[in-house]
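Since the structure comes first, as structure tokens, the remarks are kept for the end.
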Amino acid sequence: MRILTVVGTRPQIVKAAPVSRALRAAGHEEILLFTGQHYDRGLAGAVAEDAGLPVPARTLGVGSGSHAFQVGGIARGVAGFAAECRPAAVLAAGDTNSALGAALGARAAGIPLVHGEAGVRLGSFDLPEEANRVVADHLADLLLCPTERAAAAARAERPRGTVVAAGDPLLDALLAREDGAPGDPSPGPFLCTFHRAENTDDPARLRRLLEGLAGVPGTVLLPLHPRTATALDREGTGSVPLNVRLGPPLEPRLLVEALRAAPAVLTDSGGVQREAYWLGVPCIVLRDSCEWRETVEEGWAVCAGADPARIRAAAANPPRGSRPPDREAFGGGGAAARWVRAVEERFG
Ligand code: UD1
């Protein structure tokens, strides 16, 4: 079977790698299209090499721009390429502009759509990603959900496609890396990553967040997304607390090493939040609410928003779950194989 996989951002690249390997191992032909939404080497090229993703057959070079600009350009590019190579299905995962663009492009070309990481919901359209994933889910012929909870949420919306709880390939990617990791890491600094517009683009909120980081009892390693780097430049050099060590974006392998060694991670990334949960690392979510509620309900994560007092309190007393993290709920590392089986059953 020929599958056209569309990726465009760092998290999509990381999640696509195990699925790509599983597709090839099962004898399918995978053609990769890279949208170019992320173009910095630290966000795309180095990540793809580290993850072992094959070289794309087509690159769109859409670059940065408004939601409409990115989604429209990607939809046009995907529709054109899908019409040329006539795959059995287009596969796009997640909630980025690249995922929605791919979904619209597949529909325009009349090619079935597989949407991965389906059924994940925040419950608020204030987040640009929420609209992206809801629309992609409803355009999909096959919805591959990371957990039973996400599958139930998808079914409740009565989508036209088939809903399957198939696991989270981000866990597959993590376990593949963990296999090669040395035993217990020596204790490292706190780790922090944030890049969402709600945290970077509102100067008052950014200052509160930095005030929170200043109250963390220890050194904080902060690898910078380009948008965060721009926001900190705008604030001026004096804005970064003395206990915060800035650095370039980390390749997935190094990020996981830093995470395993951290007493706690502070993040607004859903991917880092899940990885922390699976590794049993306490997570302070720099958002007012989040999608991955199981990590909060089980006591491994706490939403502190950008409130300095809550950030400080959580870092002083990091959330440790009431029971061990439940990797099985996310497919236990066998998601990629299950994704491939679900695609074969639906389109084979
Ligand atoms: C996107 C996803 C987000 C995901 C994140 C992971 C959407 C709506 N959001 O957010 O869900 O968590 O990727 O990183 O798709 N920029 C660069 N170089 C790049 C890419 C971006 O400098 O290679 C800067 C540009 O100023 C750009 C800004 O970052 O305007 C935002 O980039 P964009 O791709 O729109 O969204 P992300 O914040 O990366």
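The values are calculated or read from the model by the stated rules, or taken from the named source; none is laboratory data. Model, not experiment: these values are computed from the prediction. For neighbour counting, all protein chains shown are included, and Cβ atoms are generated from backbone atoms with ideal geometry for every residue, glycine included. Just so you know, the surface numbers come from the protein's heavy atoms only, side chains and all, with ligands and any DNA or RNA stripped out. Shrake-Rupley method; radii C 1.70, N 1.55, O 1.52, S 1.80 Å.
Where strands (runs of 3 or more DSSP E) fall entirely within the range 79-187, none has at least 2 residues that are not assigned by TED's automatic domain parsing to the domain that holds R10. Across the range 218-238, the number of residues qualifying as open to solvent by less than 30 Å² (accessible area, probe 1.4 Å) and of a type in the set (S, T, N, Q) comes to 1. Residue check: is E257 within 16 Å of the ligand (Cβ to nearest atom) and open to solvent by 50 Å² or more (accessible area, probe 1.4 Å)? Judged against the criteria, E257 is not a match. Hey, can you tell me all the residues within the range 27-39 that are in a loop (DSSP other than H, G, I, E, B) and exposed (fewer than 15 other Cβ atoms within 10 Å of the Cβ)? Within the range 27-39, just G27 meets the criteria.
Being touching a residue at least 12 places away in the same chain (Cβ under 8 Å) and open to solvent by 10 Å² or more (accessible area, probe 1.4 Å) is the filter; apply it to the range 192-206 and report the residue that is nearest to the ligand (Cβ to nearest atom). Checked the range 192-206; the qualifying residue nearest to the ligand (Cβ to nearest atom) is H195.
Which of the residues spanning the range 31-51 are more than 10 Å from the ligand (Cβ to nearest atom) and within 27 Å of A229 (Cα to Cα)? Those that are more than 10 Å from the ligand (Cβ to nearest atom) and within 27 Å of A229 (Cα to Cα): F34, A46, A48, E49, D50, A51.
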